[in-house]
1. Please list, in order, the residues from segment 139-164 whose amide nitrogen is less than 15 Å from a point placed 7 Å along the Cα→Cβ vector of Glu180.
2. Quick check on the chain: helices-only [θ] at 222 nm, where DSSP H runs of length 4 and up contribute -39,500 (n - 2.57) each and the sum goes over total residues. Nearest 500, please.
3. Quick one: pull the percentage of alpha-carbon pairs in the chain with a separation above 29 Å.
4. Size of segment 2-95 along its principal axes in angstrom, Cα-based, largest extent first?
5. Enter the Cα centre distance for the pair segment 148-226 and segment 67-95, rounded to the nearest angstrom.
6. Output the peptides 76-87, 42-53 sorted from most to least packed, where packing is the average of other Cβ atoms within 10 Å over each peptide's residues.
7. So what is the relative contact order of segment 15-128, in percent, for Cα pairs below 8 Å that sit 6 or more residues apart?
8. How far apart, in nm, are two points set 7 Å out from the Cα along the Cα-to-Cβ line at Asp188 and at Thr98?
Amino acid sequence: QCLPGHWGVDPVREWLAQAILESAFDLPDEARGYILGRGLPRALAEEMRVGVWRPPSEASPDPVFNKRNGERGHYREDWLTIPMWSPRGALLGVEFRTWEGEKEVRDYRLPEAKWVPAYMGLTPSALQRIWDGGDVWLVEGVFDISLQHAVPKTDVVLACGTARVSRSQMDFLARFLAPEARVHVIFDMDETGRRQIKGFTDEATGKWIPGVPARLERVGIRSLAP
C-alpha cells in the first residue's frame, strides 16, 4: 500500500495514511492479542496495517474528520484502526473500533470510496489470489475475515463492512474474478443478513429487492449462499 494513492496529492489522504501506518507500527501486545484472539490471521492483519490510533502531532486538514473524531483524531485514541485500501493500494478510509469495554465502531471514508471498491481484507496478496482464479467469500465485518482459516488457501475472504454489496464492490468482482471462480456470500444469519441473501419486499414501495447472490448472478458472477 502507498501513502498518496493514485489520484494526485491529497493532504487529507497523506495525513490519514501517515497516521495509520505509524499506528500500525506501534501496536501494543494486548491489542495484538485481541486481534489474533478474534481470529484475524497475523499475516493478514500486518498486511492490512491494522493498528491502534495514536493522535499525530498535526491536526487533520479535513473539517469533517475533525468534527467526528477530533482535530487529531483524539476522540479515537487507543481505538483499533482498520484501513480500507483500493485494488491499486490507495487508502480509501478507516474503520475505528474499540477493543476494550463497550463495543463502538466509527468509520471515515475519503470521497473516492463512493466510486472505488472499499473492502476490508483487500491486500496485494489477496488481489493476486483473485487474479489466479481463487473464489471470493464475502462477509460483513472485519473479524468475520477469520473465516480465512477455514477456506482453501487459494481463496480470499473480503469484508463488505455491512450486510450489503455496493455497486462499486460488485463491479470489482465482475472485473477481476476469473470466469470459473465463484462468490460465496456468508453474511450473519440475523434478519438483515437473511434479507440481503434471500431478497425481500420493500415495505414502503412493495417492490421486490433481490438478494446479493441474485444481483451477482445478474452481472454474470457465479454465486453461492447458505
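1. Answer for this model: 154-155.
2. Value at 222 nm, helices only: -8500 deg cm²/dmol.
3. 28
4. Result for segment 2-95: principal-axis Cα extents of 35, 30, 18 Å.
5. First find each Cα centre; the distance between them is then 25 Å.
6. Numbers: 76-87: 22.1, 42-53: 19.2.
Peptide ranking by packing, descending: 76-87, 42-53.
7. Once normalised by length, the contact order is 22 percent.
8. 1.6
The values are calculated or read from the model by the stated rules, or taken from the named source; none is laboratory data. Because the structure is a prediction, the values reported are computed rather than measured. Positions of Cβ are backbone-derived with ideal geometry, glycine not excepted, and every protein chain shown enters the neighbour counts. Quick note on the areas: whole protein, heavy atoms, side chains included, nothing else; ligands and nucleic acids left out. Shrake-Rupley method; radii C 1.70, N 1.55, O 1.52, S 1.80 Å.
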